[in-house]
Every structure is written in structure tokens, then in C-alpha cells.
Amino acid sequence: MRIRTLSRVLTVAALVLGLSGALTAALADHEIVAGGQCDRTGATKLVGEQICPGVLDYVNLVNKKGGIEGHRIRYIEVEHGYQVDRGVEAYERIKREGGVAMLDYGTPIVYALTPRHMEDKIPGITPGFGRADATDGRKWPYIFPLAATYWSQMGAGMKYVKDSGARKGSKIAYIFYDNPAGREPLHVFERICKQEGYGCRTFAVPPPGVEMASQVLDITRRMRADWVIAHLFGKSPSISIKEFKKNGFPLDKVVSLVWGAGEHDILAAGWDTAQGYLGMQFAGVGRNFPVIQEIVKMYRDEGREVPATVGSVYYNRGVLVGALMAEAIRLAVAHEGLPVTGEKVRNGYRRIRDFTLGGLLPPLTVTEADHEGGGWVKLYQVRGTEIVAHTDWFHGYRDVVQDEVRKAAGKK
Amino acid sequence: MINRESGVYQTTYEGDMALYTLPLARATALAAVALLVLLPLPLWSAGNEHWMSIVNTIVLSAIGAIGLNILVGYTGQISIGHGGFMAAGAYAAAILSSRYDMPFLVGVAAGGVVAMLVGTFFGIPSLRIKGLYLAIATLAAQLIIEWTINHVTWIGGGAQSTIYVQNPTILGVEFDNEFRRYYLLLPFFLLAYFGALNLVRSRVGRAFIAVRDRDIAAEIIGVDIFKYKLLAFAVSSFYAGVAGALYTYYLRIANYEQFTLIVSIQFLAMIIIGGLGSVIGSVLGAIFIKLLPIVLDLTVVGVSENVFGVPYARVADFLANFQLVVFGGLIILFLAIEPQGLARMWFNVKRYFRLWPFSY
């Protein structure tokens, strides 16, 4: 290439960059800045594309209604494509903009950012993204899981199994994606099995999790399991549904933890195939909640079409994220006044009591010792072309889970 | 009147053997180092940890990319296991400093050595197989290392396979913010950079190049292929290990999910875009791959909101994917303009300005 052309291209590029940089520098006062990462392009884009609009819509709704005690929230979303490097960059960008509350997206990114949250005293919330050990707020004061961790999900799943008739000698299989997130609840499962005298076996599905015929065959034909707890991500939940169906295993005996229970998992397996499948949720599903109705109304008032995702599993989790962030900021302003700091927002999270948002959330109560808020979940079942509530909010084996949290807090 | 030399004429052996043979090149290199040393000052005075963190991740990637270029670019052995070797170094450093309270420098050195041993072991197949076949063998290395970290509790440290480390401290100075961490990483980068420059023009480096260009011919003229192929793996994975260990101290956590297959492929992309067989190319490639997505993210959103007046929330999905399209397009564009990478482009610019304004 001719050097002269090259230099021209570079000059134009530099001008464009400079211009847009100057434009974005314009800032407004009297705002409370919060931020979060998102993954709309990476490994979990199907989740990100629904969760993140949920957060944005809720923040928008709060601002439409006059903000928090009269102050607008400016929510900065940063795309990271599920990469740790970009997660760090996103964190630093939100911090630089003055963020006082953050959503951390993705298990490896949550782990990588934990030291930064602790040092900078900016609370990060990680609903569904792991860090079961961060339930103990005395050891991890700035990390808030705020939704049932994998340990609590396992405890709840095992309680459901027990309430549904499992007894000593019952055979329970745990099929999981073989990565840290998948293995996190493993020892809780084994411990409860031992305590209850179940005959338990675990089945690892190696990444990328698209091949599990032998594991499912093993579970259904050799082990002849009575119950299955599944903890799969990405494409694998839909494949597991198809495999269980193929082997004639009743899907209402399969309890999936929270990342295997979205509409797109069911869609990929086929609604017909997935009838009866049980999925665990930490936020309600559907549009029958006052807050979701308000969002629908907001769209209609603006004369815009309501996106199909509103009310879906992951969208509602995004609303949960936005709502908890806003509630913590509100409590921080109400109790400690302006200016809002990370520390005040942390105290705000710890002041959340029985916050249900009209049934979308479980009766969440966060304390210093319990950043998880009680470990509540709800089972939903695939019936017809809908995901309908199968149980009410419940939690189980709290003693076991809390003991594990205590043990983890003692570890270096 | 400024006089300029019309060619490279050396009158002494020392001059001929110097790393930079031209006074101008030496001055440029010194100025670049000085610039790198002073880089944090404006950012520090502006309190901008954000940009510093971006620079830090680029520096970390550059060290790894230089290492991979020694193996792929100079010796011609394709490796898709670079991320795995980085993970080996990262966990070695993390285990030593969290469980045995070893200081930072010991951790980094151990990270390099452990990765070197692992890398040399997985380099053994390179004696028999070449090209794409070797790529698959190193892919296996990547997966084996990931699996091992994931499943051997002593290495991974439990179900989460994560190990926390403290902020590194040297002579009582704790490296606890982005600016200090930059000065922690910079010496390693300079060592890696000038070490690689000197390595590739030594006897060993020439042997690497001979192996790359035609290994049978190299063997005939007396290059011990067994030795040099393994040496290339050893040096390359030592770099990877050091980069992995530094990454661990930078994030204060070792987690193998930071070093997955996609990371290995990113490193290959860096050296291909930067220029195979070029040390500065590795650095330019690392800057390209790491900086461009962030610059795009900052500009595309800004342009959409301020120029077109479209709020982010309405077009977030489109913008996120649009950035990927632009990113991919730019990679293709740069490679189409100059298939030999950014290093070649930089070389062309230099050559042009050597004779400017009176080119012939």
C-alpha cells in the first residue's frame, strides 16, 4: 500500500476517534452512576441478550418515575464478550465514571474482579454467577450473590426430591458441566446424599457439552436413577432434555438448576419433547407481575412494540438485578444521604428486608452474614407452551449450606 | 541542513554487531523506552486507572505474544497450546505464593520454569510431526493442561480451580494500584522484548530460522533439529509461563478459565496480524487485538448516541455485534493491505521516511 494513502487513512481514523471521545466526555451532574457488564456477543450471548435489556428497562422505569429520591440513575453497560481482560476493562471504566454499584457478569470474571471490589469498596452483585462462598459478607463484604448460589440451589433441589418421595436407598444422579461452576455444588450433593442414605452417582459432561449420550444412557439404563439433578450450561441443557426423552426417562423427575431452564433451552429441545421438565428459578417467570406490567406499559406509552423477551426467564432476572441495585441505592440515600458511595450502597444491600417486588422476587432478606438473601428458589415446569410455576418459593438444607459457607470462610 | 546517511556502512565489528546499527534507530529505541517509562505520569496525574489497566493488559499479552512468535514465527512450529502453558505458569506462581509464601520474583521465575518444562514435554511430538498435525498435538496439550488443573485438587485448589494471591511486594513497596502494577510489569516486558531481539540474531536464533525454512536442509548443515525444536518450545513456553504468572499477580487470582483455547487462538491472531517472525510485530499485534475492541466499544456507542441520537438501550445488541463485524473487517483489511503484518507496514513506513522527501 502507498504510504501516502496509509497516512491519509490514519489521519481520518484519528479525527473520528478524537471527535467521538470528546462527545462522550459530556457528563451530567446529580446522577447516581451504576454499571454492569454484559455479554451480548460471547459464549453466553443468549443469556446476555435477555438479562441486560431487563436491567436497562428497569433502570429506565425508575428514571421515568422520577429516579431515586429525585436522583436519576445513569447505568453504564459495558460489553465484555465473556473475556476476563475486557471484564477488567469494564470494571475500571465503570469505576472511572464514578460507579457505586456494579453487576458482575460471568463466573470467571466474578472471580477475577473480586479483589478489585474488595479494595475499591464498590459492591458487586453476582446473581447466578457463582461465588457460593461469598455468601459470608464478613469475609467478602463487597460481593453480593443476592440470589440462590449453586450450593443453595443444590440444597433446594434435594429438598424437592425428598418432599416428592425420595427416601433411603433412592437413586439420585447428578449430571453436570465439567467446569468450576458445574463442580461447585458437587460436595453439597454428596454430603446430602450421605446424610439421607441415597444411592448417588455423579456424571460429568466435558466441555463443550454437546455430547452426553453415554452419561444419560448410564443414568437411565444402568443406574436406573429415580431422580436427576442437572446442572448444565449453554447448549447442553437442551441436549440433555432430548437424551432423557429418547431414553424414556420421565422429565418431571429431572430438576435443572438455574442455567438450564430458559425458554431457548426448551425451544432448542422442542416444547413437545420437554413436557414436564422442571427448571429452577431465582426470579419469577412470565408477565404476571406488577413490575413487568409497568415495563410493558412504559413501552406502550412510548409507542414502541413490547419485545417478545419481556417476561422471559432471563429478562426477569435482569429486572431482578436492576431492582436490587436500585433498592440498595434507595436505602443508601434514605439512611445515609448523599453523596452515594460504594460503602453506603453496600450497607443499602444489607438493609434489604422482605423485598419481593410483587412476587417477582423471593422474600429476600440480606444481612451481613448472609449476602445471598436466604437462598430461595422456585421450580417451574414446562406445560403446553408455557413455563408455569410448580412450587412456591422454598429453600432446603440450610444447615448443610451454611456449614459449607462457614467452612469456606475459614479457608485461606 | 540535516545530513542523513545514505546507507548502512559500518567501520567497526562492534558497530556491526550492535542491536541497533543506526544511530537513529538507537535513538528511537531509547526514546520508546523512555516513553514507556514515563507513560503512566499523565494518566496518573489525571487519576485515570482505566486507561492504565488497558495498557497493563496489553503489556501482559505482548510478553506472551513475543514468546509465541519465537516458536511459530521464528521456528515454524505451530502451537495452539500457548494458553495452556500460560495456565501452567499462572498456577505454579499462585501455588508458590499462596501456600508457601514465596516472594513475587520467585513466583514469576517458577512460573516460567514450570511452563518451560510442560512446554518442552508437549513439544516432543514436534520432532515427528509438522504443520497442521502439530497444531492438533498442541491443541491436545491445551486440553490436557486444562483438564489437569480442573481435576487435580492439589493444583486447582478445589472445585472452583481458583487460587488467590496477595498483591506483590518488593522491598516494602506494595503494588496495589494500576500505575504501580505497570511498573511491576514493564521491566519484564523490556526484558522479554530485548531478550527476544537478541536471541533471534544469535546462533540459536539463526538455527531456529534454519529449522523453519527447511528442516532437512538445516539438519544437513549441522543444526541439531532435536535440540533446537525443543529449545524453541522451551523458550516460548518460558515466556508464556512468565506472562501467565504476571497475569496472576496482576489479577491476584489464578483461574484456568482465563487461559482457555480461545486465548491461545487470540495469541495466534496477534502474531499473524502483527507479523510472523518479528518481535515488534508481536507487540503491535498484541496492541491491535487487545486495544481495538475497546476503542471500538468506546467509539461506536459514543457515535451512536451523540451523532445519530440513538439511545444505547435500543440498539445494544446491534452495536455489540457491529463491533465484531468492524473488528473482523479490520483484521481482513490489514492483512489484505499487508499480508506480512503490521511489522512489515512499520518497516515500509520507516523505509519511506529514510529517503523522504527525495525518494528515488
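Rolling a 1.4 Å sphere over the protein heavy atoms, what is the accessible area per residue of chain A, to the nearest Å²?
On the way: 15410 Å² over 412 residues.
Spelled out: the 1.4 Å probe surface of chain A, per residue, equals 37 Å².
What is the sum of charges, Lys and Arg at +1 and Asp and Glu at -1, for the other residues whose Cβ falls under 15 Å from the Cβ of A:Tyr299? Could the numbers behind the result be given before it?
Numbers: positive: A:Lys64, A:Lys65, A:Arg287, A:Lys297, A:Arg300, A:Arg304, B:Arg314; negative: A:Asp57, A:Glu294, A:Asp301, A:Glu302, A:Glu305.
Its environment carries a net charge of +2.
Accessible surface of B:Arg180 in the full protein assembly, 1.4 angstrom probe, to the nearest 10 Å²?
That residue has around 110 Å² of solvent-accessible surface.
Please calculate how many Å² of accessible area chain B carries per residue, with a 1.4 Å probe and no DNA, RNA or ligand atoms counted. Before the final figure, lay out each step's value.
On the way: 17080 Å² over 360 residues.
Here the residues of chain B average 47 Å² of exposed surface.
Chains A and B: how much accessible area gets covered up at their contact, both sides added, probe 1.4 Å, in Å² to the nearest hundred? Before the final figure, lay out each step's value.
Working: alone 17580 and 19220 Å², together 32480 Å².
In total, chains A and B hide about 4300 Å² from solvent.
Can you pull a Stokes-Einstein diffusion coefficient for segment B:41-277 at 20 °C (1.002 mPa s), Rh from Kirkwood over Cα pairs, as a whole number of µm²/s? Walk me through the intermediate numbers first.
Details: Rh = 17.9 Å.
Estimated via Stokes-Einstein, D reaches 120 µm²/s.
Taking the C-alpha atoms of the protein assembly as shown, how large are the radius of gyration and the largest Cα-Cα span, Dmax, in Å?
Both quantities, over Cα of the protein assembly as shown: 27.7, 96 Å.
Ratio of Rg to Rh for segment A:340-412, alpha carbon only, Kirkwood? Let's see the in-between values first.
On the way: Rg = 15.8 Å, Rh = 14.6 Å.
Result: Rg/Rh = 1.09.
Per 10 Å bin, what percent of the C-alpha pairs of segment B:63-171 does each bin hold, from zero upward?
All Cα pairs, binned at 10 Å, distribute as 15, 42, 29, 13, 1 percent.
Shape of segment A:292-383 from its Cα gyration tensor (a ≥ b ≥ c, root eigenvalues): rounded if a/c is under 1.5, otherwise prolate when a/b > b/c, or oblate?
Values: a/c = 3.03, a/b = 1.39, b/c = 2.18.
Oblate.
Rank A:Val255, B:Val33 by accessible area, highest first, at a 1.4 Å probe radius? Present the calculation step by step, with values, prior to reporting the outcome.
Numbers: A:Val255 0, B:Val33 40 Å².
These residues rank, largest area first, as B:Val33, A:Val255.
Out of segment B:64-130, which chymotrypsin sites (Phe, Trp or Tyr not before Pro) are coil in DSSP terms and have no more than 10 other C-beta atoms within 10 Å?
Numbers: sites: B:Tyr74, B:Phe85, B:Tyr91, B:Tyr100, B:Phe104, B:Phe121, B:Phe122; in loops: B:Tyr100.
Of the chymotrypsin sites (Phe, Trp or Tyr not before Pro), the ones in loops of segment B:64-130 whose Cβ has at most 10 other Cβ atoms within 10 Å are B:Tyr100.
Can you compute the radius of gyration and Dmax for segment B:226-310, using only the Cα atoms, both in Å?
Taking only Cα atoms of segment B:226-310, I get Rg and Dmax of 17.3, 62 Å.
Pairwise over distinct Cα atoms, reciprocal of the mean inverse distance: report the Kirkwood radius of chain A in Å, one decimal place. Could the numbers behind the result be given before it?
Numbers: mean 1/r = 0.0451 Å⁻¹.
Taking every pair of different Cα atoms in chain A, averaging 1/r and inverting gives 22.2 Å.
Quick one: of A:Lys242/A:Lys378; A:Lys95/A:Lys378; A:Lys171/A:Lys407; A:Lys194/A:Lys344, which pairs are farther than 31 Å apart, Cα to Cα? Mind dumping the intermediate values first?
Working: A:Lys242/A:Lys378 23 Å; A:Lys95/A:Lys378 34 Å; A:Lys171/A:Lys407 28 Å; A:Lys194/A:Lys344 43 Å.
From A:Lys242/A:Lys378; A:Lys95/A:Lys378; A:Lys171/A:Lys407; A:Lys194/A:Lys344, over 31 Å: A:Lys95/A:Lys378; A:Lys194/A:Lys344.
Specify, per residue and in Å³, the volume enclosed by the convex hull of the alpha carbon atoms belonging to segment B:229-268. Mind showing how you got there, number by number?
On the way: hull volume 2.9 nm³, N = 40.
About 72 Å³ per residue, rounded to a whole number.
Expressed as a whole percentage, what fraction of the accessible surface of segment B:41-277 belongs to carbon and sulfur atoms when a 1.4 Å probe is rolled over the protein heavy atoms?
70
Just need the Rg to Rh number for segment A:78-132, please, alpha carbons only, Kirkwood Rh. Walk me through the intermediate numbers first.
On the way: Rg = 10.0 Å, Rh = 11.0 Å.
Result: Rg/Rh = 0.91.
Per-residue accessible area for A:Lys235 at 1.4 Å probe radius, Å² rounded to 10?
140
Using bins 5 angstrom wide from zero, how does P(r) for segment A:105-232 break down, in % of all Cα pairs?
Pairs per bin, as whole percents: 2, 10, 19, 18, 16, 13, 10, 6, 3, 1, 0.
What list of ³J(HN,Hα) values in whole Hz, one per residue of segment B:97-108 in order, does the Karplus curve 6.51 cos²θ - 1.76 cosθ + 1.60 (θ = phi - 60°) give from phi, with Gly and Pro shown as x?
Ordered by residue, 3J(HN,Hα) equals 7, 8, 9, 10, 6, 7, x, 3, 5, 5, x, 5 Hz.
Among A:Ile125, A:Ile387, A:Ile192, whose mean-square fluctuation peaks in a Gaussian network model of chain A (Cα, cutoff 10 Å)?
A:Ile192
Less than 11 Å Cβ to Cβ from A:Gln281, Lys/Arg counted +1 and Asp/Glu -1: what total charge do the surrounding residues give? Write out the running numbers ahead of the final one.
On the way: positive: A:Arg317, A:Lys378; negative: none.
Overall, the nearby charge balance is +2.
Show A:Lys162, A:Lys139, A:Lys168 ordered by accessible area, largest first, where the area counts protein heavy atoms only and the probe is 1.4 Å. Intermediate results must be reported in sequence, preceding the final value.
Working: A:Lys162 90, A:Lys139 65, A:Lys168 170 Å².
Ranked list, largest accessible area first: A:Lys168, A:Lys162, A:Lys139.
Across the residues of B:311-323, average count of Cβ atoms on other protein chains within 10 Å? Show your work: numbers first, answer last.
Numbers: counts 2, 4, 9, 3, 0, 9, 9, 1, 3, 13, 5, 1, 4.
Mean shielding count: 5.
Based on the Cβ-Cβ distance of A:Val296 and B:Val315, what FRET efficiency does E = 1/(1 + (r/R0)^6) give at R0 = 30 Å, to the nearest 0.05? Please report the intermediate quantities before stating the final value.
Values: r = 21 Å, r/R0 = 0.69.
Between A:Val296 and B:Val315 the formula returns 0.90.
Give, as a single signed number, the net charge of other residues whose beta carbon lies under 9 Å from the beta carbon of B:Thr75, with Lys and Arg counted +1 and Asp and Glu -1.
In short, +2.
Cα gyration tensor of segment B:135-262, axes a ≥ b ≥ c as square roots of the eigenvalues: rounded (a/c below 1.5), prolate (a/b > b/c) or oblate? Could you put the intermediate results ahead of the total?
Numbers: a/c = 3.49, a/b = 1.48, b/c = 2.36.
Here segment B:135-262 falls in the oblate category.
What accessible surface, in Å², does a 1.4 Å probe find on B:Phe322, ignoring ligands, DNA and RNA and rounding to the nearest 10?
Roll a 1.4 Å probe over it and B:Phe322 shows about 80 Å².
Using only Cα atoms and rounding to the nearest 10 degrees, what angle (0 to 90) does helix A:3-24 make with the longest principal axis of chain A?
Result, in degrees: 80.
The values are calculated or read from the model by the stated rules, or taken from the named source; none is laboratory data. Keep in mind the model is a prediction, meaning the values are calculated, not measured. As a convention, Cβ positions derive from the backbone with ideal geometry for all residues, glycine included, and neighbour counts pool all protein chains shown. Surface accessibility is based on the protein's heavy atoms, side chains included, excluding ligands, DNA and RNA. Shrake-Rupley method; radii C 1.70, N 1.55, O 1.52, S 1.80 Å.
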